[in-house]
Every structure is written in C-alpha cells, then in structure tokens.
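The values are calculated or read from the model by the stated rules, or taken from the named source; none is laboratory data. Only a predicted model underlies this, so the values are computations on that prediction, with no experimental measurement involved. All Cβ positions, even for glycine, are placed from backbone atoms using ideal geometry, and neighbour counts span all protein chains on display. These area figures cover heavy atoms from the full protein model, side chains too; ligands, DNA and RNA do not enter into them. Shrake-Rupley method; radii C 1.70, N 1.55, O 1.52, S 1.80 Å.
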Amino acid sequence: MIAKSQRHWTGDVQDLLRAGDGFALADVDPRATPGYEQDKVQAAEDLEAGVAQLSEYQERLYARSRVDATHASVLLVLQAMDSAGKGGIIRHVVGAVDPQGIDLAAFKKPTPEELEHDFLWRIERRLPEPGIIGVFDRSHYEDVLIGRVRRLAPADEIERRYGAINEFEKRVTDAGTRVVKVMLHISPEEQKERLMERLDRPDKHWKYNPGDVDERELWPQYMAAYQTVFERTSTTYAPWYVVPADRKWYARLAVQHLLLEALEDIDPQWPAATFDVAVEKQRLAAS
C-alpha cells in the first residue's frame, strides 16, 4: 500500500536528496522543493494523508517486535543549524504516531560522565530497541561538526571519528536498524528571520539562545564541516539526505516520505495469532 502523500512526488525522493558521489552542499538551494511541484496547501493535505500510513507502519513494526525480539528498528538522525526545523519534524512527522513506539534522544553538551568515555558511548546507549522508531535530535555528528569548527578536539581525533562513525553505523545497520540521516539545510537569511521572530514574540523568547548569533559568524566553517561529513560518512548502508529547509512544509513532507520509504522496505507484517481465533470467538460469545 502506497501512502497518498507519495502520489504527488515527481521523482525518487531518496535519489533527489541523497548526498552521493560528487555531492556539493553549495549547489543545494535551501528554498527548493526537489521532486514536489505542489504548493503549501496541497503539502499540508499530503502530510496528513501520510500520517495514517506512517502510523500503521509504526504499529506493525512495534507489534512484530513483541513476538520477534530480533526484528528491525528505525533510527532517524536529524542534524541542522539552529532554527532549521528539527522541532517541527519531531512534532508534525514523528509526533503524529503512537508515542509508545517512539524513542527521542536530544543530545546536548556532554556531561562530565559522558566525557569520561569515547564520544560514541552515550550514542550507543540510546539506540532504538527492536520495533521502535528512534529519533536523534542532534547526534554523534556534533562531535565532527562543532567539534571541528570550535576545535574541541585535536585534528587527528576528529579524523579518527569519521572512521569510528562508519564502523559504528555499519554494525548498527547489520544488526537490523535502518538508519535515516537527514540534514535540514536552511539559508542564513531564513535563519535570521526565524531568530528575529523569536525575539519579537515573548512566547518564543525561551527558544532564543544568544549563542546562535555567535554561531552564525562561523557559517562558512560549518558548511565546510558538513561537506566533509557527507564526503566521509554518506555510505551505501547509511546515506545522508540533504533536505532544503527554508520551506518548513516541504522539509516535513520530505522527511515523512523518507521514513515511509524506509518502513516500506522493512515491510513489517502483523504477527499471526498464537491461539485459535475461531475457538476464542466461541468462548467469548458464551462468556
């Protein structure tokens, strides 16, 4: 069964958004809508249509894991500059399904305990269990993004981490977790508007971080760090997808589509009954 939201796409979304060989982040227009020629109104309808399909897949994935402890899981990795819309993805895409099948991890600055271990230690502890859709709001990639730009680790350590990430993700995918890595690509102009809105609205002040302005001054360095990430860690088993994010409605629809395709590939089936259904119907009717 194909989600209704997929019928308006004009190309293979995975191919259109994948950071493959020769990919250049500088060539991506943050306001573009690759593969989708409809407007914001239609996108809202398509997003809602996709929710029903995503919810069914999520429930089937979860139900299957109750009888098969080795069954698959999905991990959505979200990376972006501040205000690019990660929260909106979590609320409007992932948040639309049954919360019992979702595990959200928002990685902040490492704690003293976490700093005593390798950078992947805290990540490994939050991997989704079978049947669960895990979401990383920022992730191990912070350690080769801000870690590189802010020089929080020596250059040789940053270099080591690229290989460690690839080995880690290969092991995770081999164990049955489908990894969907998404970078929400926002323009500095759009980010400025969104940050200004937070300052203009008292109900948004809590979301504003003065440090965001400092990070804006390092925009070229962050874009270069992301480019290196794509070149070094976009693999056949865990590719990167770069989603233009100046239009929130497109970003949400695109991420939903990527999740749907991952779940369709897994194709989780409802577990068969472990009892005689006909007999149980008779027993229940007579009770």
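Points to keep in mind about this one:
- Any hit, region 7-25, residues being more than 22 Å from Ile266 (Cβ to Cβ) and free of Cβ contacts under 8 Å to residues at least 12 places away in the same chain: yes
- Exactly one residue out of Lys181, Lys207, Lys248 is at pLDDT 95 or above, of a type in the set (Lys, Arg), within 30 Å of Val41 (Cα to Cα) and in contact with a helix residue (DSSP H, G or I) (Cβ under 6 Å, 6 or more places away or on another chain), and it is Lys248.
- In region 38-50, the qualifying residues are those that are without any contact (Cβ under 8 Å) to a residue 60 or more places away in the chain and part of a helix (DSSP H, G or I), and the one that is most open to solvent (accessible area, probe 1.4 Å) is Glu48.
- Residue check, Arg201 open to solvent by 10 Å² or more (accessible area, probe 1.4 Å) and closer than 23 Å to Ile90 by Cα: yes
- Where helices (runs of 4 or more DSSP H) fall entirely within region 175-287, those with at least 2 residues that are under 20 Å from Asp137 (Cβ atoms) and touching a strand residue (DSSP E or B) at 6+ places or on another chain (Cβ under 9 Å) are at 219-233, 248-266.
- Counting only residues that are open to solvent by 80 Å² or more (accessible area, probe 1.4 Å) and of a type outside the set (Gly, Ala, Ser), region 155-169 holds 4 of them.
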